[in-house]
Amino acid sequence: MEWGRYAEALAWLCLQTELNPTNLEAQALKNQLKKELSFTKEGNIVSSGNQTSKSKVSFFNWGQVAGMRTIKAKIERDILLPLKNREMYEKNNVSIPKGLLVYGPPGCGKTFIVKRIATLLNFNFIEVSPSSVASTYVHGTQEKIKALFEEAKEKRPSLLFIDELEAFVPNRNRGDINFHYQAEVNEFLIQLNNAHQNGIFVVGATNYLNLIDDAVKRPGRFDLKLFFGPPDIEARIEAFKTLLKKRAHHITNWIYIGEETENFTFAEINFVVEQTARDVSQKSKDFIDLNDLMKVIVANPPEFDDLKLQSYHL
Ligand SMILES: Nc1ncnc2c1ncn2[C@@H]1O[C@H](COP(=O)(O)OP(=O)(O)OP(=O)(O)O)[C@@H](O)[C@H]1O
Ligand SMILES: [Mg+2]
């Protein structure tokens, strides 16, 4: 059944590419699917290595990353397909993305999805966070920035994830910035320009875009910018299900819970479930029901509303 659906999709993609040979996305999807189904050709007979195996075929297996369908679709189209079909895109003079910038409020899945992108690309994941105490990149000098990209080059293909990018390349117009940052921002730009040819895909993350140096945000550097807001209903439901799996409960009306928790971040959902579990155990009840959960939800409204979220776009 599963295999049949994919075979049907492949047939449709073959038709698409035949009718419209310049449709690179269809072409790339076709290649991807052929690989996933591991077709082999013997004589005139085409057969699939996966037909009898139990392995699940999927274009991109996002694993634990729930919801966020628009973001996932953009990542698939603009990053995963081009990077996995590099030669074909280059042959057709379609540019391959050089970098991705993810931004938005804390706890909304930026780091979570970037890690998954590295897995889906089969790239080595290198993470650097300037503010972490253990980081050698605190107050990174030019040399340290160079060394970081050198390390990523050695591990190619690699995804270099720079968390808190604003600490790395702060906006030079900010009054509180030391002049020595100038040299560091310049070094970063040089490295960023060469990253692509060195087999490095650079991903930067920040809470506020406007704290990052403008030169870093120009087109051709981080080609793609993606905003991560609080989880959508699908992701919220998934988060509640996952967290409640570990606890005894009588909850079935997941959609209702999803609808009642708009703008809740993952951290807030976590808090709601923990708090409910505490309340219930204090009442010596041995399971959680919808009422228990809703009481905590109503008493703890989310930090973000639409207006607050807008400030992250500035
Ligand atoms: N799409 C998702 N589906 C399920 N769980 C998710 C999803 N996105 C995030 N989470 C959960 O929320 C947690 C917080 O997400 P994450 O650390 O990626 O946030 P962030 O945006 O990087 O925050 P910060 O700006 O503070 O670094 C994750 O560890 C994960 O457990
Ligand atoms: Mg993060």
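Coordinate-derived values only; no laboratory data. It should be emphasised that the depicted structure is a prediction, and the values quoted were computed from it without experimental measurement. Heads up, the Cβs are rebuilt from the backbone with ideal geometry, glycines too, and the neighbour counts pull from every protein chain shown.
Structure notes:
- Two-site FRET efficiency, residue 279 against residue 207, from Cβ-Cβ distance with R₀ of 41 Å, rounded to 0.05: 0.80
- Only helices enter this figure: runs of n ≥ 4 DSSP H residues, each worth -39500 (n - 2.57), summed and divided by the residues of the chain, yield -13500 deg cm²/dmol at 222 nm to the nearest 500.
- Exposed loop positions in the chain were taken to be trypsin sites (Lys or Arg not before Pro) whose DSSP state is not H, G, I, E or B and which have at most 16 other beta-carbon atoms within 10 angstrom. Between these positions, the longest stretch is 57-154.
- Estimated inter-spin distance, residue 225 and residue 289, nm [label 7 Å along Cα→Cβ]: 5.0 nm
- Sparse-neighbour loop sites [chymotrypsin sites (Phe, Trp or Tyr not before Pro); segment 201-231; at most 16 other C-beta within 10 Å; DSSP]: 208
- Nonlocal amide H pairs with residue 161, under 5 Å, H built at 1.01 Å: 126, 127, 128, 203
- Pairwise label distance in nanometres, residue 182 with residue 247, each label 7 Å out on the Cα-Cβ vector: 5.5 nm
- Two-decimal log10 I(q)/I(0) for the chain, as the Debye equation yields it once each C-alpha is a single scatterer, q = 0.11, 0.12 Å⁻¹: -0.86, -0.97
- Shown for 255, 79, 113: other C-beta atoms within 10 Å of each C-beta, ranked fewest to most, produce the order 255, 113, 79.
- Compared with the alpha-carbon gap, the fully stretched path from residue 96 to residue 189 is longer by 31.7 nm at 0.36 nm per residue.
- Estimated FRET transfer efficiency when R0 is 22 angstrom, pair residue 34-residue 77 (beta carbons, to 0.05): 0.75
- Efficiency of FRET between residue 311 and residue 218 - r from beta-carbon atoms, R0 30 angstrom, step 0.05: 0.85
- Spread of Cα-to-Cα distances over 5 Å intervals beginning at zero, given as percent, for segment 69-227: 2, 9, 19, 23, 22, 14, 7, 3, 1, 0
- For segment 161-314, the average shadow cast by the Cα convex hull is 12.4 nm², which is a quarter of the hull's surface.
- In units of the compact-protein estimate 2.2 N^0.38 Å, segment 233-306 shows a Cα radius of gyration of 1.01.
- For the chain, the antiparallel share of DSSP beta bridges with both residues in that region comes to about 20%.
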